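The values are calculated or read from the model by the stated rules, or taken from the named source; none is laboratory data. Keep in mind that this is a model prediction, so the values were computed, not measured. Heads up, the Cβs are rebuilt from the backbone with ideal geometry, glycines too, and the neighbour counts pull from every protein chain shown.
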Amino acid sequence: MEEALPTPYKRIIIGSFAAMALGAMFTAAPALADSHGLVKYTITGPEHEYAIEKSLTGKAGDPVRGRKLAINRKKGNCLACHAVSVLKDQPYHGEVGPSLDGVADRYKPGQLRMMIVDQKKYFPETLMPAMYKVKGLHRVVKKFQGKPILTAQEVEDVLAFILTLKHE
Ligand code: HEC
């Protein structure tokens, strides 16, 4: 049956499926994302205890992927500024920020999600880059302009990893 259709008709059929798929993408986007394509999230909690309670993607993070992102110099690069004992096989650990050992005992999961998304909410003057933000970043390397450092799912993955950093 398919064989019998002359090529121009096949093109039209394929083209209209593609248009439908694109249409579905664009109509689904505005409700979930801001003008930069970032997922919308709700910040709760009193000052100094801000939290994003819900997963940015609705899915749980993967701690194994999160560990890789935390190490990755082009992604989270957490080790540039933080020491983490369970990553002692990695070469360099920075001292700009506090050690992340036991951080899951110090903060609740929603607070840690907030800190990864935008640490400035806690420490307005911090050197720590907001990992899930586009607006308000200055002098961003051209390649990264308009893109957050981590995707929404990568935020969840890094969070899942740092939630394993407990003292006991
Ligand atoms: C450029 C340096 C830098 C990078 C990169 C960085 N941080 Fe930070 N981070 C800081 C600093 C500095 C602080 C302390 C807050 C302050 O006073 O600015 C901090 C604080 C934190 C805290 C709170 C720790 C506590 O005990 O209060 C968490 C959690 C955290 N960072 C997680 C991360 C994660 C996860 C990554 C990687 C995805 C990361 N940071 C990457 C500099 C950095």
Hey, can you tell me all the residues within the stretch 55-80 that are over 16 Å from ALA130 (Cα atoms) and of a type outside the set (S, T, N, Q)? GLY58, LYS59, ALA60, GLY61, ASP62, PRO63, VAL64, ARG65, GLY66, ARG67, LYS68, ILE71
Given (1) part of a loop (DSSP other than H, G, I, E, B); (2) under 18 Å from LEU150 (Cβ atoms), identify the lone condition not met by LEU112. (1)
Considering only residues of the stretch 70-102 that are among the basic types (Lys, Arg) and more than 22 Å from VAL39 (Cα to Cα), which is nearest to the ligand (Cβ to nearest atom)? ARG73
Among the residues that make up the stretch 117-129, is at least one of them β-branched (Val, Ile, Thr) and away from the ligand (no atom under 12 Å from the Cβ)? no
Exactly one of ASP62, ASP105 is in contact with a helix residue (DSSP H, G or I) (Cβ under 6 Å, 6 or more places away or on another chain), among the charged types (D, E, K, R), within 16 Å of the ligand (Cβ to nearest atom) and modelled with pLDDT of 95 or more, and that one is ASP62
Index of the failed condition, THR42 passing every other in (1) touching an Asp or Glu at 6+ places or on another chain (Cβ under 7 Å); (2) surrounded by fewer than 17 Cβ atoms within 10 Å (Cβ to Cβ): (1)
